[in-house]
Amino acid sequence: MIIFISGGVRSGKSSAAENMVQTFCTKRAVYIATSRQTDKEMQKRIQLHQKERQAANTPWVTIEQSVDLQQILPNLQSDDAILLDCVTNWLANELFLTEKRWQTKEGKQAVFRHMKETLDKLFAQSQTVVLVSNELFEAGVLEEPTYSYMKMLGKLHQYIVEKADVAICVEAGIYRFKKGKECVDI
């Protein structure tokens, strides 16, 4: 089961994703954290998510990996329920790792290809994958490099939703199913 959950900042999407993973978890829940602790606000958000997972009845295994997620695939088991939080940060980390990546067409294409390959491998080896991402498109399109980033994120969202069994947009804690409502019981 592949579940894609998107929404705005502080919309409740991470909590929704954690609930989904707990619903489908049979043995181990794996949280793949792609965020980097860049400032105090991010540190507080990370700590909040950690506390929420610790309070849950599900035993969580956290893997912090901000780039090159293929490195961690051998650590995952086929019966793991996996939460990748979040695609937005993962793309930013990959795309802006070096200037060469986002400044050239070839660099952007290589990043996109690598991320698709990683997702395909993750989807093939894992029975349950829940992916979280932010909706960033409501403010309009900005200048470079933000324009390239948003365009790539949109393409990545389309690719994931095409592969997903379920696609949900969370707004103010309310789920809006875009695809596959019949696949989950919430």
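Determine the dipole magnitude for the stretch 96-156: charges of +1 sit on the beta-carbon of Lys and Arg, -1 on that of Asp and Glu, nothing else is charged, the reference point is the Cα centre, and the result goes in debye to the nearest 20.
Numbers: 9 positive and 8 negative charges, 60 e Å.
With Lys and Arg at +1 and Asp and Glu at -1, about 280 debye.
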Using DSSP to call loops (not H, G, I, E or B), can you name the trypsin sites (Lys or Arg not before Pro) in the stretch 1-109 whose Cβ has at most 16 other Cβ atoms within 10 angstrom?
Arg10, Lys27, Arg28, Arg36
Okay, helix-only estimate at 222 nm for the chain: each DSSP H run of n ≥ 4 adds -39500 (n - 2.57), divide by all residues, round to 500 deg cm²/dmol; what do you get?
-14000 deg cm²/dmol
Would you kindly state how much longer the chain becomes between Phe123 and Ile46 on full extension, computed as 0.36 nm times their sequence separation minus their alpha carbon distance, in nm to one decimal?
25.2 nm
May I ask for the net charge around Glu162, where only other residues with Cβ less than 13 Å from the Cβ of Glu162 are counted and Lys, Arg are +1 while Asp, Glu are -1?
+3
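Given the pairs Lys121/Lys181; Lys40/Lys155; Lys51/Lys121; Lys105/Lys155; Lys155/Lys178; Lys27/Lys181, which are separated by over 21 angstrom at their Cα positions?
Details: Lys121/Lys181 25 Å; Lys40/Lys155 31 Å; Lys51/Lys121 30 Å; Lys105/Lys155 15 Å; Lys155/Lys178 17 Å; Lys27/Lys181 24 Å.
Result: Lys121/Lys181; Lys40/Lys155; Lys51/Lys121; Lys27/Lys181 exceed 21 Å.
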When volume of the Cα convex hull per residue in Å³ is calculated directly from the model, which label among [x] 117; [y] 156; [z] 127 fits?
[x]
For the chain, what is the accessible area per residue in Å² when the probe is 1.4 Å?
54 Å²
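Using r as the Cβ-Cβ distance of Asn57 and Lys181, and R0 as 22 Å, what FRET efficiency do you calculate, to the nearest 0.05?
Working: r = 25 Å, r/R0 = 1.15.
Efficiency computed from Cβ-Cβ geometry: 0.30.
For the pair Asp39 and Tyr159, what calculated FRET efficiency results from E = 1/(1 + (r/R0)^6), where r is the Cβ-Cβ distance and R0 = 25 Å, to the nearest 0.05?
0.25
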Share of the stretch 84-156's accessible area from carbon and sulfur, percent, 1.4 Å?
51 percent
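How large is the charge dipole for the chain, taken about the Cα centre, if only the Cβ atoms of Lys, Arg (+1) and Asp, Glu (-1) carry charge, to the nearest 20 debye?
Details: 24 positive and 23 negative charges, 9 e Å.
Charge dipole of the chain: 40 debye, to the nearest 20.
The values are calculated or read from the model by the stated rules, or taken from the named source; none is laboratory data. All figures in this text were calculated on a predicted structure; none of them were measured in a lab. All Cβ positions, even for glycine, are placed from backbone atoms using ideal geometry, and neighbour counts span all protein chains on display. We work out accessible area using only protein heavy atoms, side chains counted, and drop any ligands, DNA or RNA first. Shrake-Rupley method; radii C 1.70, N 1.55, O 1.52, S 1.80 Å.
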